[in-house]
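The values are calculated or read from the model by the stated rules, or taken from the named source; none is laboratory data. What you see is a predicted model; the values in this text were computed from it and never measured. Backbone-built Cβ (ideal geometry, glycine too); neighbour counts: all protein chains shown.
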Amino acid sequence: MDSDLGEILTRWSVRLAVGCYLGRVLLDVAFGRSGRGMAAKRRLWTAGCVLYLLHVACAFTFFHNWSHADAYRHTAEQTAAATGLNWGGGLYFNYAFTLLWVFDTVRWWLGGLTAPVRSTAYFRLLHAVFAFMMINATIVFGPPIWRWLAPAVLAAFGFAYLARRRTWQRSRKDEALAEPRWNNDD
């Protein structure tokens, strides 16, 4: 296959995977962890996972000859160019990230639409890992402009989340005030 096509497939599969992840995060911000939008969240999550797996397959096919050593060396070179640290260990984080995304996607399909409504700690940890991996990959492997764009996008999502959280807290407080209070002393 033409190497230009391999590069296009590798780059665009991960860009689309990130787009699916960001779409899922937008739905999380819009609807919270309620049941609303859950089917769309699951579809985006699944599409993102499949596109990410396609990205991994393309990267190993077109850039690393299905060699862990080549992938490690490439990761070390890219990390050194971006940070000055000649270390390819980030590849192991990519392997763990891949397993996490596949595990969570399969769990969501086997557990039904409400499967992702789980502990707050798991939800936050999952998204912290995803945000870290995507920002790190953007800084190490993305074009220079993305190094500035990624933190701006993260900040925008953070502000949107905080604004939405304030709205949720206000609506819960208003609901609590509207409910009749029963006094056991009567």
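Yes or no: residue 109 surrounded by 17 or more Cβ atoms within 10 Å (Cβ to Cβ) and touching a residue at least 12 places away in the same chain (Cβ under 8 Å)? Spelling it out, it is not the case that residue 109 is surrounded by 17 or more Cβ atoms within 10 Å (Cβ to Cβ) and touching a residue at least 12 places away in the same chain (Cβ under 8 Å). Here's a check for you: in the stretch 83-123, which residue that is in a helix (DSSP H, G or I), closer than 24 Å to residue 54 by Cβ and of a type in the set (Gly, Ala, Ser) is modelled with the highest pLDDT? In this case the residue turns out to be 96. The number of residues in the stretch 62-82 being surrounded by 13 or more Cβ atoms within 10 Å (Cβ to Cβ) and of a type in the set (S, T, N, Q) comes to 3.
Taking the criterion of being under 22 Å from the mean Cα position of the chain (by Cα) and among the polar types (S, T, N, Q), the residues of the stretch 65-84 that qualify are 75, 78, 79.
Look at (1) part of a loop (DSSP other than H, G, I, E, B); (2) over 20 Å from the mean Cα position of the chain (by Cα) and you find that residue 34 fails only one, number (2). Scanning the stretch 35-64 for residues that are in contact (Cβ under 8 Å) with a residue 12 or more places away in the chain, over 30 Å from residue 75 (Cβ atoms) and of a type outside the set (A, V, I, L, M, F, W, C) gives 35, 41, 42.
Among the conditions (1) surrounded by fewer than 16 Cβ atoms within 10 Å (Cβ to Cβ); (2) in contact (Cβ under 8 Å) with a residue 24 or more places away in the chain, the only one that residue 18 does not satisfy is (1).
When residue 30 is tested against (1) of a type outside the set (Lys, Arg); (2) buried (at least 17 other Cβ atoms within 10 Å of the Cβ); (3) in contact (Cβ under 8 Å) with a residue 40 or more places away in the chain, exactly one condition is not met: (2).
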